[in-house]
1. Tally Lys/Arg at +1 and Asp/Glu at -1 over every other residue whose Cβ is under 10 Å from the Cβ of C44; what's the total?
2. Treat each spin label as a single point 7 Å out from the Cα along the C-beta direction, and report the L37 to I24 distance in nm.
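All of the numbers you see were taken from the coordinates with simple rules; none came from a lab. In this text the structure is predicted, and so the values were computed from the model without any measurement. FYI the Cβ positions are ideal-geometry reconstructions off the backbone, even for glycines, and counts take in every protein chain you see.
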Amino acid sequence: MTDSVAIVPARERATHEVQARLIIDGQQRLTTLQLLLSALRELCSEAGAEDLEKRLLRLTCNEDADAAG
């Protein structure tokens, strides 16, 4: 069962396309969901389900992660 997650806008607006937000409540639920999606992505990779793997990659990894340093 998942419960609600409380977020608020960050004080300073990020320069990225997506506005930064602060998580007030629900960090553990979001972390658990992230780990579950990452594990599913790895299973898809091993099973050769490339289309689903790519979709899950978009949900679990930032495209510009390397650029952030």
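1. Computed value for this residue: -2.
2. Using points 7 Å along Cα→Cβ, the separation is 2.3 nm.
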